[in-house]
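Undergrad: Pasting in a structure now, in structure tokens, and then I'll have a few things to ask.
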Amino acid sequence: MKHEPLSFIPKDAEGPWKTYLEQVDRVIPYLGPLAYWAETLKRPKRILIVDVPIRMDDGTVAHFEGYRVHHNTSRGPAKGGVRYHPAVTLSEVMALAAWMTIKNAAVGLPFGGGKGGIRVDPRKLSSAEIERLTRRYTSEIGVLIGPKKDIPAPDVGTGQREMAWMMDTYSMNVGATAPGVVTGKPIPLGGSLGRQDATGNGVFFVAAAAAKKINLPIEGSRVIIQGFGNVGNAAARAFHDHGARVVGIADVTGAIYNEKGIDPYDLLKYVAEAGGVRGYPKAEPVPAAEFFGLPAEIAVPAALEGAITEQNAWKIKAKMVVEGANGPTTPAADDILRERGILVVPDVIANAGGVIVSYFEWVQDFNSYFWTEEEVNENLRRVITEAFESVWQTSKDRKVPLRTAAYIVAATRVLEARALRGLYP
Ligand code: GLU
């Protein structure tokens, strides 16, 4: 049976959804009889597009475009963050939801994949406007979300504050406090210790496990990190705390370099005042286009999709790229890095720390019994390292790059569940 492409995605669409489809095509030859169900992975299960009108502080009304996508729910409720960014589009949210399906399956969490977003620049709104936006968006997607249906979480442009408002709005609408409807909440509302830094810590755990495989000592290694938000700054602190030298950091404001190393704790203080890394007095400015060419052993893209492309993949000097962001490397860049012998540790394993601790938070909320930070961090380390080890083994056994190996593990789990559940009706 030949499948028609989705009509609402332009045939020549570039960007994250195309990247994701190419990644799926690369795994299909390795799925054996499960390939029968592979088309499932290329179609989101359901998509909701919502208009989000809010009253602005000046009395006018503004409309924003919001989305919530359930990519797959074969293995459990949809799970994935909500992004506030001016470049958010439907096809981007589709790709991000699909990567959540793969990520949750690759690390063995009992979740499907979902994602949401609003096309908005939150830096241009007041806190009161963001609250109204978040509450109206939560109400609009209320038909899809719920502790057993779909559990949102933070992503780029959202954090604990937005999760508190989402939890409250959903709870008001259903008439009962429902902490399990979102993860990444503030601790007093049923958030988990260790969630805030979980993605960055996970990036470090996976980088350390991968470094061991290629006989690269973390101690003394030079690291460059693109992005100094929730993921980048926690990763920078973890590398720094374990004796690596963070020599380069970039964010939307600029890129900085110091071959002796940058203290991320000191940089954080500067960024809190200055709003970005640009102008940090204890490092040199470097052009953003040169960032990935800086001398380092480990490169961590921890910003947005499409950061490493055909244009800059050949410049990378690192031995290893560890993907803190979702979808930072295009398939063409993946091929260049492989030919150059640079190990790419894919997003769906490397940045899974956030959703792993989201899972712990969800479990704690259901039990109303909370773990210590040590328990959370130790369980995170164990789950993410075991997931990395099994993907590494699959990559050796099947003689494929780590990304394809992660997709083999994940797609097999998703499609096995799909086949066992069968088609309804
Ligand atoms: N937004 C994060 C991610 O891309 C976390 C999602 C979650 O915790 O559900 O993995």
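The values are calculated or read from the model by the stated rules, or taken from the named source; none is laboratory data. Since the model is a prediction, treat every value here as computed from it, not as a measurement. We place every Cβ from the backbone using ideal geometry, glycine too, and count neighbours over all the protein chains shown.
Undergrad: Condition first: out of contact with any helix residue (DSSP H, G or I) (no Cβ under 9 Å at 6 or more places or on another chain) and closer than 21 Å to Gly142 by Cβ. Now tell me which residues in segment 173-220 satisfy that.
TA: Listed by number, the residues that qualify are Gly175, Ala176.
Undergrad: For segment 165-202, which residues satisfy the criterion of being assigned to a helix (DSSP H, G or I) and under 25 Å from His240 (Cβ atoms)?
TA: Passing the criteria: Ile187, Ala198, Thr199, Gly200, Asn201, Gly202.
Undergrad: Is segment 288-310 home to any residue that is of a type in the set (S, T, N, Q), assigned to a strand (DSSP E or B) and either surrounded by 24 or more Cβ atoms within 10 Å (Cβ to Cβ) or without any contact (Cβ under 8 Å) to a residue 60 or more places away in the chain (or both)?
TA: no
Undergrad: Among (1) over 26 Å from Ala98 (Cα atoms); (2) part of a helix (DSSP H, G or I); (3) not small (Gly, Ala, Ser), where does Tyr369 come up short?
TA: Among (1) over 26 Å from Ala98 (Cα atoms); (2) part of a helix (DSSP H, G or I); (3) not small (Gly, Ala, Ser), the lone unmet condition for Tyr369 is (2).
Undergrad: When segment 357-371 is examined, which residues are found to be without any contact (Cβ under 8 Å) to a residue 60 or more places away in the chain and within 24 Å of the chain's Cα centre (by Cα)?
TA: Passing the criteria: only Val363.
Undergrad: Sticking with this structure for a sec: Does at least one position in segment 203-222 carry a residue that is crowded, with 19+ Cβ neighbours inside 10 Å, assigned to a strand (DSSP E or B) and away from the ligand (no atom under 12 Å from the Cβ)?
TA: Checked segment 203-222: at least one residue is crowded, with 19+ Cβ neighbours inside 10 Å, assigned to a strand (DSSP E or B) and away from the ligand (no atom under 12 Å from the Cβ).
Undergrad: Suppose we filter Glu374, Glu416 for residues that are in a helix (DSSP H, G or I) and either among the basic types (Lys, Arg) or free of Cβ contacts under 8 Å to residues at least 24 places away in the same chain (or both); which single one remains?
TA: Glu374
Undergrad: Any residue at all in segment 295-318 that is more than 16 Å from the ligand (Cβ to nearest atom) and either over 25 Å from the mean Cα position of the chain (by Cα) or modelled with pLDDT under 95 (or both)?
TA: Yes, that holds for at least one residue.
Conditions tested, residue by residue: (1) polar (S, T, N, Q); (2) surrounded by fewer than 24 Cβ atoms within 10 Å (Cβ to Cβ); (3) at pLDDT 95 or above.
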position	(1), (2), (3)
Arg46	no, yes, yes
Val61	no, yes, yes
Arg75	no, yes, yes
Gly81	no, no, yes
Tyr84	no, no, yes
Ala98	no, no, yes
Ser126	yes, yes, yes
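Undergrad: From the list Ile151, Ile130, exactly one residue is within 12 Å of the ligand (Cβ to nearest atom) and either farther than 18 Å from Arg43 by Cα or surrounded by fewer than 22 Cβ atoms within 10 Å (Cβ to Cβ) (or both). Which is it? Lay out the reasoning, then the answer.
TA: Values: Ile130 fails: within 12 Å of the ligand (Cβ to nearest atom).
Exactly one of Ile151, Ile130 is within 12 Å of the ligand (Cβ to nearest atom) and either farther than 18 Å from Arg43 by Cα or surrounded by fewer than 22 Cβ atoms within 10 Å (Cβ to Cβ) (or both), namely Ile151.
Table: residues versus (1) at pLDDT 95 or above; (2) within 24 Å of Leu216 (Cα to Cα); (3) within 15 Å of the ligand (Cβ to nearest atom); (4) among the small types (Gly, Ala, Ser).
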site: Glu323; (1), (2), (3), (4): yes, yes, yes, no
site: Ile336; (1), (2), (3), (4): yes, yes, no, no
site: Glu339; (1), (2), (3), (4): yes, yes, no, no
site: Val344; (1), (2), (3), (4): yes, yes, no, no
site: Val348; (1), (2), (3), (4): yes, yes, yes, no
site: Phe360; (1), (2), (3), (4): yes, no, yes, no
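Undergrad: Please identify the pairs in which a residue from segment 181-192 that is over 13 Å from Tyr170 (Cβ atoms) and in contact (Cβ under 8 Å) with a residue 24 or more places away in the chain has its Cβ atom under 6 Å from the Cβ atom of a residue that is within 14 Å of the ligand (Cβ to nearest atom) and of a type in the set (Lys, Arg), counting only partners at least 6 apart or on another chain.
TA: Gly184/Arg195; Gly191/Lys185
Undergrad: Residues being surrounded by fewer than 24 Cβ atoms within 10 Å (Cβ to Cβ) and of a type outside the set (Gly, Ala, Ser): count how many of those fall in segment 100-113. Steps first, answer last, please.
TA: Taking segment 100-113 and keeping what is surrounded by fewer than 24 Cβ atoms within 10 Å (Cβ to Cβ), we get 108-110.
Those left that are additionally of a type outside the set (Gly, Ala, Ser): 109-110.
Residues meeting the conditions: 2.
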